[in-house]
Amino acid sequence: MKTASANFNDIVESVYNLPLEFKEELRSLLAHNISDDRRKEIANNHKAAQKEQKSGKLKFSSSVQELKKML
């Protein structure tokens, strides 16, 4: 059974061997996929923050000293 890094290396090598047109299409597909994943991550973080706010766990402050304590 191949390791994940070996599989990744095989994929990278396969991509390097593709014609330029396919590489450009793959780049476009990956860019859109990454954007979609990032949007989902942001939405999930937003939902988690809303839950924390509703439960009273989320705290706000404009004081630098207070913010340092929260870290």
Hits in the range 11-53 - residues which are of a type in the set (Asp, Glu) and modelled with pLDDT under 95: GLU52
Pairs, first closer than 11 Å to LEU26 by Cβ in the range 4-15, second surrounded by 11 or more Cβ atoms within 10 Å (Cβ to Cβ) and not β-branched (Val, Ile, Thr), C-beta under 7 Å, six or more apart: VAL15/LYS23; VAL15/LEU26
Pairs with Cβ under 6 Å, 6+ apart, first in the range 34-58 and under 22 Å from LEU71 (Cβ atoms), second charged (D, E, K, R): LEU58/GLU52
Leading residue by the ranking (farthest from the chain's Cα centre (by Cα)) among those in the range 26-62 that are exposed (fewer than 10 other Cβ atoms within 10 Å of the Cβ) and not in a helix (DSSP H, G or I): SER62
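The values are calculated or read from the model by the stated rules, or taken from the named source; none is laboratory data. Only a predicted model underlies this, so the values are computations on that prediction, with no experimental measurement involved. Every residue, glycine among them, receives a Cβ derived from its backbone with ideal geometry; neighbour counts consider all protein chains shown.
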